[in-house]
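Asks: Please read through the structure below; I'll follow up with questions.
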Amino acid sequence: MYDRYDGLIFDMDGTILDTESTHRQAWRRVLMPHGIQFDEQAMVALNGSPTWRIAEVIIHNHRLKLDPHLLAAEKTAAVRAMLLDNVKPLPLIDVVKAYHGRRPMAVGTGSEHSMAEALLRHLGLRDYFDVIVGADDVTRHKPEPDTFLRCAELLGVVPERCVVFEDADFGVEAAKRAKMDVVDVRLL
């Protein structure tokens, strides 16, 4: 089905790995001491953003005097503590397995590079991907195209010959801005 593309790029959280409930649980745990209720709808709108950017929005919306990078670090530590026990691949991993060795593939994620590496290794999936580009590998994040453009560059594939698999509005927008075709996995 995707044979016409020279490179396949996958978002990670919510696209190939079921990590969303753990991320929500980690945010609840980190926000509770600050008296903040976790707003799932507001968070869904920020899917695909790096953790520090989500922390900025939370801090701004609640008029807190916190360092977004420290709040993001707390949330990342909470995720690390829980995620390896809870993470599972999603059905789209079958596409990854079907194209392994046939097309170069990358993960372009709003998670930190080390987190993506750890999760994919834990599940025995790291070797399916030629490239991982995390939030800390680029300066401009989804909905900007930089994550996916960096994936294409590292794969050695022109952007117009890539397809991106995404589950978030920011990611879909980033793929379009990169001039790549996009599969919104929420519609599958």
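Asks: Is it true that F165 is in a helix (DSSP H, G or I) and of a type in the set (F, W, Y)?
Replies: When the stated conditions are applied, F165 does not pass them.
Asks: Could you look through segment 21-43, keep only residues that are of a type outside the set (A, V, I, L, M, F, W, C) and open to solvent by less than 40 Å² (accessible area, probe 1.4 Å), and pick out the one that is nearest to V172 (Cα to Cα)? Can you show your working first?
Replies: Residues of segment 21-43 of a type outside the set (A, V, I, L, M, F, W, C): 21-25, 28-29, 33-35, 37, 39-41.
Filter again for open to solvent by less than 40 Å² (accessible area, probe 1.4 Å), leaving 22-23.
Numbers: T22: 22, H23: 20 Å.
Once the filter is applied, the top-ranked residue is H23.
Asks: Taking the condition of being at pLDDT 95 or above, touching a Pro at 6+ places or on another chain (Cβ under 9 Å) and acidic (D, E), how many residues in segment 156-170 meet it?
Replies: Adding up the residues that qualify gives 0.
Asks: If the Cβ limit is 7 Å and pairs must be 6+ apart or interchain, which residue in segment 47-60 that is among the hydrophobic types (A, V, I, L, M, F, W, C) pairs with which residue that is part of a loop (DSSP other than H, G, I, E, B) and at pLDDT below 90?
Replies: Final answer for the pair search is I54/L46; V57/L46; I58/I36.
Asks: Shifting gears a bit: Being closer than 21 Å to C162 by Cβ and in contact with a Phe, Trp or Tyr (Cβ under 6 Å, 6 or more places away or on another chain) narrows it down to one of G108, G7, G14, G101, so name that one.
Replies: G108
Asks: What do you reckon, is R53 closer than 26 Å to V138 by Cα, out of contact with any strand residue (DSSP E or B) (no Cβ under 8 Å at 6 or more places or on another chain) and basic (K, R)?
Replies: When the stated conditions are applied, R53 passes them.
Asks: Is it the case that some residue within segment 13-25 is touching a Ser or Thr at 6+ places or on another chain (Cβ under 6 Å) and under 30 Å from M180 (Cα atoms)? Don't jump to the end; show me each part of the working.
Replies: Looking only at segment 13-25, we keep the residues that are touching a Ser or Thr at 6+ places or on another chain (Cβ under 6 Å), and these are 13.
Checking which are under 30 Å from M180 (Cα atoms) leaves us with 13.
Looking for residues that are touching a Ser or Thr at 6+ places or on another chain (Cβ under 6 Å) and under 30 Å from M180 (Cα atoms), one finds at least one in segment 13-25, hence yes.
Asks: I'm checking my understanding of the structure. Among residues of segment 168-188 that are assigned to a strand (DSSP E or B) and of a type outside the set (A, V, I, L, M, F, W, C), which one is least open to solvent (accessible area, probe 1.4 Å)?
Replies: D184
Asks: Let me ask you something else. How many residues are in contact with a Pro (Cβ under 6 Å, 6 or more places away or on another chain) and buried (at least 22 other Cβ atoms within 10 Å of the Cβ) if we restrict to segment 110-148?
Replies: 2
Asks: Does L71 satisfy the condition of being hydrophobic (A, V, I, L, M, F, W, C), more than 15 Å from the chain's Cα centre (by Cα), buried (at least 21 other Cβ atoms within 10 Å of the Cβ) and farther than 21 Å from T147 by Cα?
Replies: So L71 passes the test.
Asks: Provide a single number: the residues in segment 171-184 that are closer than 12 Å to G108 by Cβ and either out of contact with any Pro (no Cβ under 6 Å at 6 or more places or on another chain) or of a type in the set (F, W, Y) (or both).
Replies: Result for segment 171-184: 3.
The values are calculated or read from the model by the stated rules, or taken from the named source; none is laboratory data. Bear in mind the structure is a predicted one, so any value in this text is a computation, not a measurement. Ideal geometry is used to build each Cβ from the backbone, glycine not excepted, and the neighbour counts take in all protein chains shown. When the accessible area is computed, the model is the full protein with side chains, heavy atoms only, and any ligands, DNA or RNA have been set aside. Shrake-Rupley method; radii C 1.70, N 1.55, O 1.52, S 1.80 Å.
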